[in-house]
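Notes follow once the structure below has been shown.
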Amino acid sequence: MKTWFPEAFEEFRVVSIYDLLVEYIQSGRIKLDKSRFAGHKVTLHEPCNYFRKSAAAFGQDYSSEYRYIVKNCFEEADIVEMYPNGLNNHCCGAGGGAWAMPYSQERIAYGKDKADQIKETGADIVVAPCHNCRDQIMKSLSKEFDMGNCKETLYLWELVAQALIIEPWSEEEVKRSHALRDAQYERDGVELESEEF
Amino acid sequence: MQNETIRLSQETKSRLELTPEMASRCYTCATCSSGCPASGLVPGWDARKAIRAVSLGLDQEVVDSKWPWVCTLCGRCQYACPQGIQILKTFRGLRSLRERDQVPGPLHKGTMMNLERGNNLGIPRDDFLILLAELSVELMEDDEEKPCPGFYVPVDKENANVIVTINSKEPFSEPDDLKFWWQIFYAAKEDWTVSSTNWEGVNWGLFTGDDASMKEQVHRVLENARRLKAKTILYPE
Ligand code: SF4
Ligand code: SF4
């Protein structure tokens with residue numbers, strides 16, 4: 001985007017998922033409950049795109065934002081770093097579109113390093129803030145290799161959603177929202193089978 | 001190409017628009033390949049060899065190999081290279097030199113599908129809208145732990161604060177995963193929207209080395225934001 005459409009950055013505010021989640025947490029727009037993950041240990045996978053590549057291209061990586069978000073879901077003592085981490089962290093093996101390529105043997109062999117890294121942390125949850133990484137770790141590495149204690153692979157936003165304290169909207173707000181919704185469905189010709197909602 | 005003598009002539013030239021930092025400045029130290037998880041996966045190839053081949057003008061050999069595709073473009077090599085070689089740019093360039101119908105797997109097909117129908121998996125607009133509506137009902141009521149009364153997915157809503165894209169994999173095969181963000185938006189009372197067309201958030205052109213398609217994809221994200229007068233674009237992960 002920066003290369004091709006630099007003007008976009010003047011026209012819009014462009015934010016990453018990290019920026020947005022940090023903003024919600026800092027401003028108090030969302031509230032998180034650390035006790036949701038009490039007794040669990042978590043480790044952090046760093047997807048190449050938002051870390052190494054972003055650091056190379058824009059001189060900015062999201063390491064601190066990432067950790068800030070996780071620290072709001074977990075007690076600090078329950079966060080275990082991988083080795084190596086940060087800009088030297090290992091790729092999960094599904095980067096560059098590998099998940100969708102026919103070289104699954106290579107993709108799996110590539111991921112062995114990652115599986116070992118995860119195992120060594122002893123964590124039972126690994127956070128993967130990227131669709132490819134999450135699929136690779138959850139659907140492939142966890143089956144092919146011994147990842148030790150690790151049982152769960154969660155998207156970063158899945159982790160946040162699980163720790164989220166949701167306060168239902170007021171009746172007033174629900175009513176307003178339903179009216180907007182009905183107008184939209186009418187406009188788009190969306191008809192749902194169940195009538196009771 | 002192992003064990004054969006290779007004769008180079010003046011005509012042996014790389015088809016990549018090479019600049020010194022893309023290959024020729026390499027002094028073959030092998031820092032790249034020694035820290036590369038893909039080393040040893042493709043017989044005859046590793047990062048250093050591929051860079052070396054390019055600087056000797058033998059890039060067709062690398063293009064014909066599966067090396068550029070088994071390499072995940074993770075960038076670990078480039079981060080460590082003492083000569084500052086732009087290894088990713090070079091390897092991605094090698095991917096783009098592959099004939100389009102020889103691009104492995106569904107990546108190129110998906111890229112074309114996206115250009116034609118607005119998402120990599122060709123999900124039709126009406127199916128998409130119905131799915132969002134049905135999932136909304138589930139989230140609103142059925143989620144026993146955390147019901148979100150009043151929730152729906154605002155589609156094509158003008159003047160929203162944030163416009164988002166969607167990874168076509170989710171509506172296609174893991175629709176429940178869409179709800180994580182929805183719960184967050186609900187709790188934050190975000191004023192958000194998604195476009196009913198061209199909502200794809202994954203740019204496979206990036207992976208196939210197809211700059212034109214990649215640019216078109218980014219362009220669409222911007223056009224949606226303009227049409228709907230959104231203030232903020234949430235860039236996909
Ligand atoms: S690390 Fe850099 S200089 Fe060393 S072999 Fe690899 S590309 Fe060449
Ligand atoms: S970008 Fe490719 S060559 Fe470089 S370390 Fe990653 S997998 Fe290896």
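Here's a check for you: in the stretch B:52-85, which residue that is within 9 Å of ligand 1 (Cβ to nearest atom) and part of a loop (DSSP other than H, G, I, E, B) is nearest to A:Lys114 (Cα to Cα)? Looking at the filtered set, the residue picked out is B:Cys81.
For the stretch B:26-78, taking the residues that are of a type in the set (D, E, K, R) and in contact (Cβ under 8 Å) with a residue 12 or more places away in the chain, the one that is nearest to ligand 2 (Cβ to nearest atom) is identified as B:Arg76. Close Cβ contacts (under 6 Å, 6 or more residues apart or on different chains) running from residues in the stretch B:127-154 that are modelled with pLDDT of 85 or more to residues that are assigned to a loop (DSSP other than H, G, I, E, B) and aliphatic (A, V, I, L, M) comprise B:Leu129/A:Val190; B:Leu132/B:Val153; B:Ala133/A:Val190; B:Ala133/A:Leu192; B:Ser136/B:Val153.
Looking only at residues in the stretch B:165-213 that are of a type in the set (Ser, Thr, Tyr) and open to solvent by 30 Å² or more (accessible area, probe 1.4 Å), the one that is nearest to B:Cys74 (Cα to Cα) is B:Thr165. In the set (1) touching a helix residue (DSSP H, G or I) at 6+ places or on another chain (Cβ under 6 Å); (2) away from chain A (no Cβ under 14 Å); (3) closer than 18 Å to B:Asp210 by Cα, the condition left unmet by B:Thr72 is number (2).
Among the residues making up the stretch A:98-116, none is more than 10 Å from chain B (Cβ to nearest Cβ) and in contact (Cβ under 8 Å) with a residue 60 or more places away in the chain. Return a yes/no flag: does the stretch B:220-235 have any residue that is within 30 Å of B:Leu94 (Cα to Cα) and more than 10 Å from every other protein chain (Cβ to nearest Cβ). Taking every residue of the stretch B:220-235 in turn, at least one turns out to be within 30 Å of B:Leu94 (Cα to Cα) and more than 10 Å from every other protein chain (Cβ to nearest Cβ).
Among residues belonging to the stretch B:27-51 that are in contact with a Ser or Thr (Cβ under 6 Å, 6 or more places away or on another chain) and more than 13 Å from every other protein chain (Cβ to nearest Cβ), point out the one that is farthest from ligand 1 (Cβ to nearest atom). So, considering only residues that are in contact with a Ser or Thr (Cβ under 6 Å, 6 or more places away or on another chain) and more than 13 Å from every other protein chain (Cβ to nearest Cβ), the one farthest from ligand 1 (Cβ to nearest atom) is B:Ser33.
Each row is one residue, and each column tells you yes or no for (1) within 16 Å of ligand 1 (Cβ to nearest atom); (2) open to solvent by 20 Å² or more (accessible area, probe 1.4 Å); (3) within 15 Å of the chain's Cα centre (by Cα); (4) within 30 Å of B:Thr28 (Cβ to Cβ).
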{"residue": "B:Phe91", "(1), (2), (3), (4)": "yes, no, yes, yes"}
{"residue": "B:Leu97", "(1), (2), (3), (4)": "no, yes, no, yes"}
{"residue": "B:Gly110", "(1), (2), (3), (4)": "no, no, yes, no"}
{"residue": "B:Ile130", "(1), (2), (3), (4)": "no, yes, no, no"}
{"residue": "B:Pro149", "(1), (2), (3), (4)": "no, yes, no, no"}
{"residue": "B:Val155", "(1), (2), (3), (4)": "no, no, no, no"}
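Of the strands (runs of 3 or more DSSP E) entirely within the stretch B:135-237, those holding at least 1 residues that are hydroxyl-bearing (Ser, Thr, Tyr) occupy B:192-194, B:232-235.
Can you work out which of the residues in the stretch A:76-114 that are open to solvent by 40 Å² or more (accessible area, probe 1.4 Å) and part of a loop (DSSP other than H, G, I, E, B) is modelled with the highest pLDDT? Checking each candidate, the answer is A:Glu81. You will find that of A:Asn149, A:Asn88, the residue that is at the interface with chain B (Cβ under 10 Å from one of its Cβ atoms) and not acidic (Asp, Glu) is A:Asn88 and no other.
Among residues of the stretch A:13-36 being more than 10 Å from chain B (Cβ to nearest Cβ) and of a type outside the set (Gly, Ala, Ser), the one that is least open to solvent (accessible area, probe 1.4 Å) is A:Val22.
The values are calculated or read from the model by the stated rules, or taken from the named source; none is laboratory data. Everything numeric in this text was worked out from a predicted model, so none of it was measured. Glycine also receives a Cβ, built like all others from the backbone with ideal geometry; neighbour counts cover every protein chain displayed. When the accessible area is computed, the model is the full protein with side chains, heavy atoms only, and any ligands, DNA or RNA have been set aside. Shrake-Rupley method; radii C 1.70, N 1.55, O 1.52, S 1.80 Å.
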